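Undergrad: Would you mind keeping the following structure in view while I ask a few things?
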Amino acid sequence: MVVTRRTVLAAAAAAPLLALAGCAIDSPQEDETGADLPQLTLGLTYVPNVQFAPFYLAEQKGYFTDAGVDVTLRHHGESEELFGALQSGTEDVVVAGGDEMMQARSSGVPVVDIATMYTTYPVALIVPADSPIQSPDDLAGHSIGVPGPFGETYFGLLAMLRAADLTEKDVDIQYIGFTQQDALSGGHVDAVMGYSNNDVPQFAASGTEVRAISLGDVPLVGIGLGTTEDLLAQKPDALAAVIEAVGRAVKDIVADPSAGVDAAAEEMPGTVSEDQRAVMTATMQATVPLYGDLSHPFGLHTGPWEEMSAFLAKMGLTPEPVPPQEAYTDALIKSE
């Protein structure tokens, strides 16, 4: 099954953002010698979001060009499959979870994770502030809302239950679509699965007091950059340049999260309200820790790929274990 929607895409500022979908470049950019730069299209999924600030910042500051690549940012259509444009050749790089890429690879998509962006898995269990649930161990008999049986929130749910020695039969799993705020604030479920850096600030902005509970030690790998095997063989230098430019922007944002907020705000039509900027700022500040220790080269794959392969197969999310060494590569990561 291929994911078509993901909660990480919920609009962080709750206002329409300017889509960058499919804007054609009139002429290729050139390097300092006058030669045309290699062109790549980078897919950011279907809703513009402050969490994509490193890509916006890298484009706005010319970091892609500096690194030697001409990048077009493209947001997917709402009904578009996560890896559909990558398969068709419309996109050359896509932003997705390492677990999502591994699952897609098991279904025949020749995707390879070329850089990890979030070194900490971003999904959390979210409960009302006054909930008796203090840890995943307390979930037996409780209802948990999740968008559906797909994507990182679902993978995180299954991994969390397993780490707490619980099964799906021990809890009441409800597929609620992308309505976590309404479902939890309305008392329809006892807890929801969401993103610590996105959904939690959204709850705060709506006036709902919640707590984010860590999933524990789960064998999952978070957001990264994926490409196809063919592109990896054909354009390794251009792909390495993308990683370099995004890593440069991430460092800027870690040093000053407001730089990410400003970059995202530039993609918004009209004037950004104070309330919108406050939510974007909270999201950006919560995202910074997910990038991990930047004293190491940006993008290195330090997650539990072997364990994730076994977990996805055991839970029936892939028909059999995917060889980790085929699912990711550090060959494009430059040492610092």
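The values are calculated or read from the model by the stated rules, or taken from the named source; none is laboratory data. Since the structure is predicted, the reported quantities are computational estimates derived from the model, not experimental observations. Reconstructed Cβ throughout: ideal geometry from the backbone, glycine too, with neighbour counts over all protein chains shown.
Undergrad: Since F155 meets every condition but one in (1) modelled with pLDDT of 95 or more; (2) surrounded by fewer than 22 Cβ atoms within 10 Å (Cβ to Cβ), which condition does it not meet?
TA: Failed condition: (2).
Undergrad: While we're here: Need at least 3 residues that are surrounded by fewer than 20 Cβ atoms within 10 Å (Cβ to Cβ) per element, so show me which strands (runs of 3 or more DSSP E) inside segment 170-253 make the cut, counting only ones lying wholly within it.
TA: Correct list: 172-175.
Undergrad: List pairs: first residue in segment 128-152 and in a strand (DSSP E or B), second residue of a type in the set (G, A, S) and at pLDDT 95 or above anywhere in the structure, Cβ distance under 6 angstrom, at least six positions apart or on different chains.
TA: I144/A191; G145/A183
Undergrad: Identify the single condition in (1) closer than 30 Å to G247 by Cα; (2) in contact with a Phe, Trp or Tyr (Cβ under 9 Å, 6 or more places away or on another chain); (3) modelled with pLDDT of 95 or more that L125 does not satisfy, given that it satisfies every other one.
TA: Unmet for L125, out of (1) closer than 30 Å to G247 by Cα; (2) in contact with a Phe, Trp or Tyr (Cβ under 9 Å, 6 or more places away or on another chain); (3) modelled with pLDDT of 95 or more: (2).
Undergrad: Are there any strands (runs of 3 or more DSSP E) wholly within segment 68-122 with 2 or more residues that are buried (at least 24 other Cβ atoms within 10 Å of the Cβ), and if so which?
TA: 93-97, 111-116
Undergrad: In this structure, is A265 in the same structural domain as L86 (by TED's automatic domain parsing), buried (at least 18 other Cβ atoms within 10 Å of the Cβ) and closer than 28 Å to Q87 by Cβ?
TA: no
Undergrad: Looking at segment 321-335, is at least one residue under 30 Å from S258 (Cβ atoms), part of a loop (DSSP other than H, G, I, E, B) and either out of contact with any Pro (no Cβ under 7 Å at 6 or more places or on another chain) or charged (D, E, K, R) (or both)?
TA: Scanning segment 321-335 turns up at least one residue that is under 30 Å from S258 (Cβ atoms), part of a loop (DSSP other than H, G, I, E, B) and either out of contact with any Pro (no Cβ under 7 Å at 6 or more places or on another chain) or charged (D, E, K, R) (or both).
Undergrad: Which of the residues that make up segment 278-312 are in a helix (DSSP H, G or I) and without any contact (Cβ under 8 Å) to a residue 60 or more places away in the chain?
TA: T281, Q285, V288, E306
Undergrad: Looking at L317, is it hydrophobic (A, V, I, L, M, F, W, C), outside any helix (DSSP H, G or I) and either farther than 19 Å from D113 by Cβ or touching a residue at least 40 places away in the same chain (Cβ under 8 Å) (or both)?
TA: yes
Undergrad: Right, another one. Report whether or not Q325 is surrounded by 14 or more Cβ atoms within 10 Å (Cβ to Cβ) and closer than 20 Å to T119 by Cβ.
TA: no
Undergrad: State yes or no: is D230 farther than 23 Å from V47 by Cα and not hydroxyl-bearing (S, T, Y)?
TA: Details: farther than 23 Å from V47 by Cα: yes; not hydroxyl-bearing (S, T, Y): yes.
So D230 fits the description; yes.
Undergrad: Need the failing condition index for D70 against (1) closer than 26 Å to E267 by Cα; (2) modelled with pLDDT under 95, just the number.
TA: If we test D70 against (1) closer than 26 Å to E267 by Cα; (2) modelled with pLDDT under 95, just (2) comes out false.
Undergrad: In segment 241-277, how many are within 23 Å of G194 (Cα to Cα), touching a helix residue (DSSP H, G or I) at 6+ places or on another chain (Cβ under 8 Å) and modelled with pLDDT under 95?
TA: So the answer is 3.
Undergrad: Out of segment 160-169, which residues are surrounded by 14 or more Cβ atoms within 10 Å (Cβ to Cβ) and assigned to a helix (DSSP H, G or I)? Walk me through it before giving the result.
TA: From segment 160-169, those surrounded by 14 or more Cβ atoms within 10 Å (Cβ to Cβ) are 160-164, 166; that's our starting set.
The answer is M160, L161, R162, A163.
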